[in-house]
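Data block below; observations after.
The values are calculated or read from the model by the stated rules, or taken from the named source; none is laboratory data. What you see is a predicted model, and the numbers here were worked out from it, not measured in a lab. Neighbour counts are summed over all protein chains in view; Cβ atoms, including those assigned to glycine, are modelled from backbone coordinates with ideal geometry. In case anyone asks, the SASA skips ligands and DNA or RNA and just uses the protein heavy atoms, side chains included. Shrake-Rupley method; radii C 1.70, N 1.55, O 1.52, S 1.80 Å.
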Amino acid sequence: MAEWLSPAEWQAVALSLRVAIWAVLLSLPFAIFVAHALARWEFVGKQVLNGLVHLPLVLPPVVTGYLLLMTFGRRAPVGMFLEQTFGFTFAFQWTGAALAAAIMAFPLVVRAIRLSIEAVDPKLEHAARTLGAGNARVFATITLPLALPGIIAGAVLGYAKAMGEFGATITFVSNIPGQTQTLPSAIYSFLQVPGGESSAIRLVAIAIVISMTALILSEYLSKIIARKVRGQ
Amino acid sequence: MTVQINIRHAFDGFDLAARFDAPKGVTALFGASGSGKTTIINAVAGLLAPQNGRIVVDGRVLFDSKTGVNTPPNKRKIGYIFQDARLFPHMTVRQNLTYGRPTGPIDAVVDMLGLDSLLGRRPAKLSGGEAQRVAIGRALLSNPDLILADEPLAALDEARKSEILPYFEKLRDHAKVPILYVSHSANEVARLATTVVVLNKGRVTHAGSAETVLSDPTVTPTGVRSAGAVMQARVVTHDDDGLTVLSIGASNLIVPNCDAPVGTDLRLRIAAQDVMIATAPLSGISALNTLPATITAIRKGDGPGALVQLETGGAPFLARITQRSLTALGLTVGQTVHAVIKAVSIDR
């Protein structure tokens, strides 16, 4: 495969895979927590939290990218703090691309997981409580396993979104080959130079293959797990 | 071990105020739907916090609105058997059974409920009756101080009901903890209850032993054909012709098909529609059981029927007759009559 892709193209594909996987791994625990809170708890500011979670979905991606830059950039407060304390920076690094992708994917992941947690019958959780299980055990042994098909669907959806994320990423971490040039930014760049179409088309084909594989795989996994969960 | 319950809770235009004690054995919460039975049982389980009240199980305060005690459900040591079984669908029967008790033997309960062949199955592959048996086992195995059952048979057909009822009888006779049993079926209550609490629109209208409450003509509407009394009887002799003589108080009853040893205490049910009343001693009648009885109460129903409470040797029971007969015979409270008992069912 490496032979029919130029090193620059291959670099973009590998980077995109890495960015998308980390974006999902990064957002999944938070997404499960937030989805559970939104589905099951009553608290002050629930609507505000709900709004914040959905913000990246409705804001122009460039705005989200710019807000990230103002927060995590080299001269921004959080960015400076992270660099001085941990020597860690997001700005113009692949980690920044992963952060941007994670935030852009977050609302989709939360939505999918929230729906699947809401579909878990609270009566089963009550039954578990009467059998002596505390909140953590009820969540780990009843809610989480029964919501698993939705969590997988959410993760795959988030992965697809992270693979395709363009606006926030290019605004936040620019478009540096080998550093922050993901698949969509590479396609964009190749289309800007004369004679780049063939590279762009190869990358487009790869994007289609990766996305389709992810979708089919998630469909298949969700089906198997849903069948297991229902006990059939 | 006893349970003391005192609850006040108002919601959606419904006002519940219930106070009663539940001793060892089965305490049936009996009443029509909407009478507040499930609210009480959920308050005892901790799934609902009543606005006012106090719930004490065996000296342990689980809830007290005055002191702010509200033990979470998982710390209450209760075994809750739900109407819809509520087995965990993603676990096997064995995993369901051991959920409340991850360690320790389960064999005794598995044997008692006949669950051995089901252990590896998932709840989706169980019949309604099997699922309810597993639910009983799961509640028992959590080693509770109190068992709650919320209409556990209501979702089952008649055949399944009679399959599960004997397990609750076993539970009543062998469990060392009180059982709160919610039901709107007079038949189930008559068969299982040792104590009966009758609820109507959020108020306790009657509470006491099953013998007293179920033979009270004001409890069961006369339209209910299953109205009947519960009596304690003892086996006296087995006669050569296959009949058995039982004693209730000072009187004797003759029944067929009883193989319990002499001296055994039995629980009898006499349905009100199986009792006839005669004002003079009868001769030339095929019925074997004619008991002298005193009328202790009369209640006319809305229809043509009436319930007459009778007492023989200290044991109360009911007769369901028509209001026309009531007038024709001129029956009054305090009158001595002869009760003809056509059929008796023996539970144990």
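Checking each residue in region A:50-75 for being surrounded by fewer than 16 Cβ atoms within 10 Å (Cβ to Cβ), not in a helix (DSSP H, G or I) and not charged (D, E, K, R) picks out only A:60. For region B:128-174, the tally of residues that are more than 17 Å from residue B:191 (Cα to Cα), away from chain A (no Cβ under 14 Å) and small (Gly, Ala, Ser) stands at 2. For region B:98-121, which positions are β-branched (Val, Ile, Thr) and either more than 12 Å from chain A (Cβ to nearest Cβ) or open to solvent by 40 Å² or more (accessible area, probe 1.4 Å) (or both)? Matches in region B:98-121: B:103, B:106, B:109, B:110.
For region B:316-345, the set of residues classified as assigned to a strand (DSSP E or B), hydrophobic (A, V, I, L, M, F, W, C) and out of contact with any Ser or Thr (no Cβ under 9 Å at 6 or more places or on another chain) consists of B:319, B:321, listed by residue number.
Residue-by-condition table, conditions (1) over 12 Å from the mean Cα position of the chain (by Cα); (2) within 14 Å of chain B (Cβ to nearest Cβ):
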position	(1), (2)
A:94	yes, no
A:100	no, no
A:105	no, no
A:115	yes, no
A:130	yes, yes
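Out of the residues in region A:10-49 that are surrounded by fewer than 14 Cβ atoms within 10 Å (Cβ to Cβ) and among the charged types (D, E, K, R), state the one that is nearest to residue A:211 (Cα to Cα). Out of the qualifying residues, it is A:46.
Give the residue, chosen from A:26, A:69, A:82, A:17, that is in contact (Cβ under 8 Å) with a residue 12 or more places away in the chain and over 18 Å from the mean Cα position of the chain (by Cα).
Only one candidate qualifies: A:69.
Just one of the listed residues (A:131, A:144) is more than 24 Å from residue A:216 (Cβ to Cβ) and touching a Gly at 6+ places or on another chain (Cβ under 8 Å), namely A:131. Taking the numbered list (1) in contact (Cβ under 8 Å) with a residue 24 or more places away in the chain; (2) away from every other protein chain (no Cβ under 14 Å); (3) surrounded by fewer than 22 Cβ atoms within 10 Å (Cβ to Cβ) in turn, residue B:124 passes all entries but (2).
Among the residues of region B:21-45, those that are open to solvent by 10 Å² or more (accessible area, probe 1.4 Å) and within 16 Å of residue B:56 (Cα to Cα) comprise B:21, B:23, B:24, B:42. Selection within region B:71-97: residues that are touching a Phe, Trp or Tyr at 6+ places or on another chain (Cβ under 8 Å) and within 18 Å of residue B:148 (Cα to Cα). The member of this set that is farthest from the other protein chains (Cβ to nearest Cβ) is B:71. On the given criteria, is residue B:67 more than 14 Å from every other protein chain (Cβ to nearest Cβ), β-branched (Val, Ile, Thr) and open to solvent by 40 Å² or more (accessible area, probe 1.4 Å)? When the stated conditions are applied, residue B:67 passes them. Filter region A:132-184 down to residues that are within 14 Å of chain B (Cβ to nearest Cβ) and under 26 Å from residue A:199 (Cα atoms), then give me how many there are. Adding up the residues that qualify gives 0. May I ask you to verify whether residue A:39 is touching a helix residue (DSSP H, G or I) at 6+ places or on another chain (Cβ under 6 Å), among the small types (Gly, Ala, Ser), in a helix (DSSP H, G or I) and under 19 Å from residue A:160 (Cβ atoms)? Considered against the rule, which asks whether it is touching a helix residue (DSSP H, G or I) at 6+ places or on another chain (Cβ under 6 Å), among the small types (Gly, Ala, Ser), in a helix (DSSP H, G or I) and under 19 Å from residue A:160 (Cβ atoms), residue A:39 comes out as no. Taking the conditions (1) away from chain B (no Cβ under 14 Å); (2) touching a His at 6+ places or on another chain (Cβ under 7 Å) in turn, residue A:229 satisfies each one other than (1). Residue A:78 satisfies every condition listed in (1) aliphatic (A, V, I, L, M); (2) surrounded by fewer than 20 Cβ atoms within 10 Å (Cβ to Cβ); (3) not in a helix (DSSP H, G or I) except (3). Evaluating residue B:262 against the criteria (1) open to solvent by 70 Å² or more (accessible area, probe 1.4 Å); (2) part of a strand (DSSP E or B); (3) farther than 18 Å from residue B:336 by Cα leaves one unmet condition, (2). Restricting the first member to region B:223-242 and to residues that are crowded, with 18+ Cβ neighbours inside 10 Å and at pLDDT 85 or above, and the second to residues that are polar (S, T, N, Q) and not in a strand (DSSP E or B), the beta-carbon pairs closer than 7 Å and six or more apart or on different chains are B:235/B:264. Scanning region B:139-159 for residues that are of a type in the set (D, E, K, R) and within 26 Å of residue B:107 (Cβ to Cβ) yields a single hit, B:145. Among the residues of region B:265-311, those that are open to solvent by 10 Å² or more (accessible area, probe 1.4 Å), outside any strand (DSSP E or B) and within 13 Å of residue B:342 (Cα to Cα) comprise B:273, B:274, B:285, B:286, B:287, B:288. State the number of residues belonging to region A:176-221 that are more than 25 Å from residue A:90 (Cβ to Cβ) and open to solvent by 30 Å² or more (accessible area, probe 1.4 Å). The qualifying residues number 23. Within region B:312-329, the set of residues being free of Cβ contacts under 8 Å to residues at least 40 places away in the same chain and either within 17 Å of residue B:209 (Cβ to Cβ) or open to solvent by 20 Å² or more (accessible area, probe 1.4 Å) (or both) comprises B:322, B:323, B:324, B:327, B:328. Every condition in (1) buried (at least 19 other Cβ atoms within 10 Å of the Cβ); (2) in contact with a Phe, Trp or Tyr (Cβ under 7 Å, 6 or more places away or on another chain); (3) away from chain A (no Cβ under 12 Å) is met by residue B:62 except one, and the failing one is (2).
Quick grid of which residues meet (1) more than 20 Å from residue B:2 (Cβ to Cβ); (2) in a loop (DSSP other than H, G, I, E, B):
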residue: B:163; (1), (2): yes, no
residue: B:170; (1), (2): yes, no
residue: B:177; (1), (2): no, yes
residue: B:181; (1), (2): no, no
residue: B:188; (1), (2): yes, no
residue: B:205; (1), (2): yes, no
residue: B:218; (1), (2): yes, yes
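Within this structure, residue B:5 fails the test of being within 17 Å of the chain's Cα centre (by Cα), at pLDDT 90 or above and surrounded by 23 or more Cβ atoms within 10 Å (Cβ to Cβ).
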